[in-house]
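Undergrad: My questions all concern the structure below.
The values are calculated or read from the model by the stated rules, or taken from the named source; none is laboratory data. Because the structure is predicted, anything quoted here is derived from the model rather than measured. Cβ placement follows ideal geometry from the backbone for every residue including glycine, while neighbour counts extend to all protein chains displayed. In case anyone asks, the SASA skips ligands and DNA or RNA and just uses the protein heavy atoms, side chains included. Shrake-Rupley method; radii C 1.70, N 1.55, O 1.52, S 1.80 Å.
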Amino acid sequence: MGTDEPTTPHHEPATFGNPDLPAEGIVNTGDNPQSTTMTGPQNLVIESQFPNQMDAPPTDISTQAFFWSSFNISPRRVQDGGWARELTQSDFAISNEIAGVNMYLEPGGIRELHWHQTAEWALMTRGKCRVTTLSREGLPSVEDVEAGDLWYFPAGLPHSLQGMGPDGAEFVLAFDDGEQSESNTLLLTDWFAHTPPEVLAKNFGVAQEVFKDIPLHNLWIFPGDEPGDLETDHASAGVEWGDEPVIFRLSRSTPAHENSGGRIQIADSSNFRASKTVAAALTTINPGSMRELHWHPNADEWQYYLQGQGRMTVFNTGPHANTTDFKAGDVGVVRRNLGHYIENTGDDVLIYIETFRSDHYEEVSLANWLSHLPPALVSAHLNIPIETLATFPKGTQGIVPIPGK
């Protein structure tokens, strides 16, 4: 008597753009919809934000440390005068080199006088802000910054921030330590409140009664009058800043790369001398274009998305390759040396900032590398004719140009 042979699912052999064995991805399920059925609890709002995780490109393989997070899911700490939300390594495990804070100060709102055990780098994203600090030589600085400008305060140097009219100030901070938090800053009011009054009196040469009304709890963010004329504040502070300005007008700087696909504007210690531990690139990608395939050999890349939407695939050893989606307010991290690209997937311009815990910016372009190798060597690796390789881009593009433009 015959017996039925057991049946096994039939998989088509690997095809172009689908290299994995065993096969991975929805593309391999063919006419079997049950393979992709999801019957458990679902949050459709969250799922809709990540089309490339729900249906990954067939070139994705395996998994790796999650490289997406967002200020949009970070709790806001709100006080009269403004708010802040943060992403530290405690919230975003992969981000051990940079911690980020998104902050808003209303017109006149003050982030109280303070200092950090780490350096603070910042990009203004909206409005206008007055910043004050003191150099290592004891020289004061008072400056106004607006959208597209940077500031940098070395570790241990005191500073303050104050929103200006009409819209206040919104900015993103990057600290050169993934564990730095807005909740562990060194605050002026805390120090005064926890210093014996007789010591304060001796230090400042006044009677103890001068300090009877000081705040007993820190102010952190609090409302104030809008700053007055900048020149007046310069005069009252005795501004004598040295040769390393604390601010840099990044959005007005000459792009390092620019073409029909977009532009990259870089700030590091070569043009922003004060910024000794953070380098940055403000990247603009037009619809239909992408950040070319590349990697950074000197530091992890911490990204903050300002406008538009895009997707990024990160290539890791293993191999591992995973794709996810980013929108305004999101944060991404790419470990040093890992290959990646960022593609504009929307109809609007995609703008994001790349920051690195380094004094200088470094990038390796895949196209630039291949264009400086013997063509026969590249052809042997990729099975692409030498005459076709001759049409590949020569040198670093930064942004891929839009064909015909």
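Undergrad: Could you go through segment 144-163 and let me know if any residue there is open to solvent by 10 Å² or more (accessible area, probe 1.4 Å), in a strand (DSSP E or B) and hydrophobic (A, V, I, L, M, F, W, C).
TA: Within segment 144-163, not a single residue is open to solvent by 10 Å² or more (accessible area, probe 1.4 Å), in a strand (DSSP E or B) and hydrophobic (A, V, I, L, M, F, W, C).
Undergrad: Take the conditions at negative phi, open to solvent by less than 10 Å² (accessible area, probe 1.4 Å) and assigned to a loop (DSSP other than H, G, I, E, B) and apply them to Ser275. Does it pass?
TA: Numbers: at negative phi: yes; open to solvent by less than 10 Å² (accessible area, probe 1.4 Å): yes; assigned to a loop (DSSP other than H, G, I, E, B): yes.
It is true that Ser275 is at negative phi, open to solvent by less than 10 Å² (accessible area, probe 1.4 Å) and assigned to a loop (DSSP other than H, G, I, E, B).
Undergrad: Quick one: in segment 355-399, of everything that is assigned to a loop (DSSP other than H, G, I, E, B), among the small types (Gly, Ala, Ser) and under 30 Å from Glu120 (Cα atoms), which residue is least open to solvent (accessible area, probe 1.4 Å)? Break it down stepwise before answering.
TA: At the first step, the residues of segment 355-399 found to be assigned to a loop (DSSP other than H, G, I, E, B) are 357-363, 372-374, 383-385, 390-398.
Those left that are additionally among the small types (Gly, Ala, Ser): 358, 390, 395, 398.
If we keep only those that are under 30 Å from Glu120 (Cα atoms) too, we end up with 358, 398.
On the way: Ser358: 16, Gly398: 0 Å².
Across segment 355-399, the extreme among qualifying residues is Gly398.
Undergrad: Specify which of the listed residues (Thr317, Thr323) is of a type in the set (Val, Ile, Thr), within 20 Å of Gln64 (Cβ to Cβ) and touching a Pro at 6+ places or on another chain (Cβ under 8 Å). Steps first, answer last, please.
TA: Values: Thr317 fails: touching a Pro at 6+ places or on another chain (Cβ under 8 Å).
Step by step, each of Thr317, Thr323 is checked, and only Thr323 is of a type in the set (Val, Ile, Thr), within 20 Å of Gln64 (Cβ to Cβ) and touching a Pro at 6+ places or on another chain (Cβ under 8 Å).
Undergrad: Starting from segment 139-164, take each residue that is at positive phi and list its partners that are surrounded by fewer than 22 Cβ atoms within 10 Å (Cβ to Cβ) and assigned to a strand (DSSP E or B), counting only C-beta distances under 7 angstrom and pairs at least six apart or across chains.
TA: Pairs that qualify, where the first residue is at positive phi and the partner is surrounded by fewer than 22 Cβ atoms within 10 Å (Cβ to Cβ) and assigned to a strand (DSSP E or B), are Gly156/Trp115.
Undergrad: Ok, one more. Taking interchain pairs and intrachain pairs at least six residues apart, which have beta carbon atoms under 9 angstrom, with the first residue in segment 47-62 and within 15 Å of Gln309 (Cβ to Cβ) and the second assigned to a helix (DSSP H, G or I) and open to solvent by 70 Å² or more (accessible area, probe 1.4 Å)?
TA: Close Cβ pairs satisfying both conditions: Ser48/Met54.
Undergrad: Next question, about the same structure. Within the set of pairs 6 or more residues apart or between chains, which connect a residue that is on the phi > 0 side of the Ramachandran plot inside segment 248-269 to a residue that is small (Gly, Ala, Ser) and assigned to a loop (DSSP other than H, G, I, E, B) with Cβ atoms less than 7 Å apart?
TA: Here the result reads Gly262/Ser289, each pair linking segment 248-269 to a residue that is small (Gly, Ala, Ser) and assigned to a loop (DSSP other than H, G, I, E, B).
Undergrad: Here is a list of conditions, (1) among the aromatic types (Phe, Trp, Tyr); (2) within 20 Å of Ser275 (Cα to Cα); (3) open to solvent by 50 Å² or more (accessible area, probe 1.4 Å), and Trp191 meets all of them except one; can you say which number that is?
TA: In the conditions (1) among the aromatic types (Phe, Trp, Tyr); (2) within 20 Å of Ser275 (Cα to Cα); (3) open to solvent by 50 Å² or more (accessible area, probe 1.4 Å), Trp191 misses (2) alone.
Undergrad: Right, next: State whether the residues of segment 306-314 include one that is over 29 Å from Ser48 (Cβ atoms) and crowded, with 21+ Cβ neighbours inside 10 Å.
TA: Restricting attention to segment 306-314, the residues satisfying the condition of being over 29 Å from Ser48 (Cβ atoms) are none.
No, because not a single residue in segment 306-314 is over 29 Å from Ser48 (Cβ atoms) and crowded, with 21+ Cβ neighbours inside 10 Å.
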